[in-house]
1. For segment 38-79, how many residues meet the condition of being on the phi > 0 side of the Ramachandran plot and free of Cβ contacts under 8 Å to residues at least 12 places away in the same chain?
2. Consider M93 carefully, then state whether it is within 12 Å of P133 (Cβ to Cβ) and either of a type in the set (D, E) or buried (at least 17 other Cβ atoms within 10 Å of the Cβ) (or both).
3. Hey, among V147, V82, which residue is in contact (Cβ under 8 Å) with a residue 60 or more places away in the chain, outside any helix (DSSP H, G or I), in contact with a helix residue (DSSP H, G or I) (Cβ under 8 Å, 6 or more places away or on another chain) and closer than 21 Å to R46 by Cα?
4. Which residue is surrounded by the most Cβ atoms within 10 Å (Cβ to Cβ), if the candidates are limited to segment 96-121 and must be within 20 Å of N63 (Cβ to Cβ) and within 11 Å of the chain's Cα centre (by Cα)?
5. Do you know which residues across segment 30-53 are open to solvent by 60 Å² or more (accessible area, probe 1.4 Å), of a type in the set (V, I, T) and part of a helix (DSSP H, G or I)?
6. Any chance you could count how many residues in segment 128-166 are at pLDDT 95 or above and touching a Phe, Trp or Tyr at 6+ places or on another chain (Cβ under 8 Å)?
7. Would you call L77 modelled with pLDDT of 95 or more and either open to solvent by less than 30 Å² (accessible area, probe 1.4 Å) or in contact with a strand residue (DSSP E or B) (Cβ under 6 Å, 6 or more places away or on another chain) (or both)?
8. Here is a list of conditions, (1) surrounded by 16 or more Cβ atoms within 10 Å (Cβ to Cβ); (2) touching a strand residue (DSSP E or B) at 6+ places or on another chain (Cβ under 9 Å); (3) of a type in the set (K, R), and R140 meets all of them except one; can you say which number that is?
Amino acid sequence: MRNMSLRHGMIWALVTAFCSLSPQLHADDIQRTDLTVIDHTYMDDRRQALDEVARRYLGRQFNGNKDNDLELMQIMLDRRLVRRDQRELLQTMGFVLGDILAKEEGLRWIIYTDNKGRSRALAIPNKDDVIFPVPMISRRYEAGASVDVQAVYDKALDAIADIRKRIYLR
């Protein structure tokens, strides 16, 4: 019995020591950087691929107009022109959604890096919080839910408004 508790004590001490040495993420460890040339190129290429689907099957294209682009994404989902397993195209809809939000709300695309990885996000001027539009449509659609693109857009607008109201103490 004594050997068991001694062994547990030693294991606990080793685990505690290891955890104290492992890097922990603090607010200072979050990095917000500009998109790279590679990011811009990738996003443009993906937008072009989504636009090709719209032109081929609907005879329409994305043009940066909020009403047109939201409607076009909704039609593409409703007609299943983009399948649930086509994550890249679904996430590209997130780029289009983000482009609309950026244009309408004065946001800008950035790279947000934290302990979970590197993500494209929209920075809200003078705020620490960001919005992640890329998975907003894809996660819902991939999970089998029907997606109301206008409702997703409206929810993102609400989140942006809430962030803008926050007061940050430093």
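1. 1
2. In short, yes.
3. V147
4. L97
5. V37, I38, T41 - these are the residues of segment 30-53 that are open to solvent by 60 Å² or more (accessible area, probe 1.4 Å), of a type in the set (V, I, T) and part of a helix (DSSP H, G or I).
6. Within segment 128-166, residues that are at pLDDT 95 or above and touching a Phe, Trp or Tyr at 6+ places or on another chain (Cβ under 8 Å) number 5.
7. It is true that L77 is modelled with pLDDT of 95 or more and either open to solvent by less than 30 Å² (accessible area, probe 1.4 Å) or in contact with a strand residue (DSSP E or B) (Cβ under 6 Å, 6 or more places away or on another chain) (or both).
8. Result: R140 passes all but (2).
The values are calculated or read from the model by the stated rules, or taken from the named source; none is laboratory data. Just so it is clear, the structure is predicted and the values come from calculations on it, not from any experiment. Every residue, glycine among them, receives a Cβ derived from its backbone with ideal geometry; neighbour counts consider all protein chains shown. The accessibility values were calculated without ligands, DNA or RNA, using every heavy atom of the protein model including side chains. Shrake-Rupley method; radii C 1.70, N 1.55, O 1.52, S 1.80 Å.
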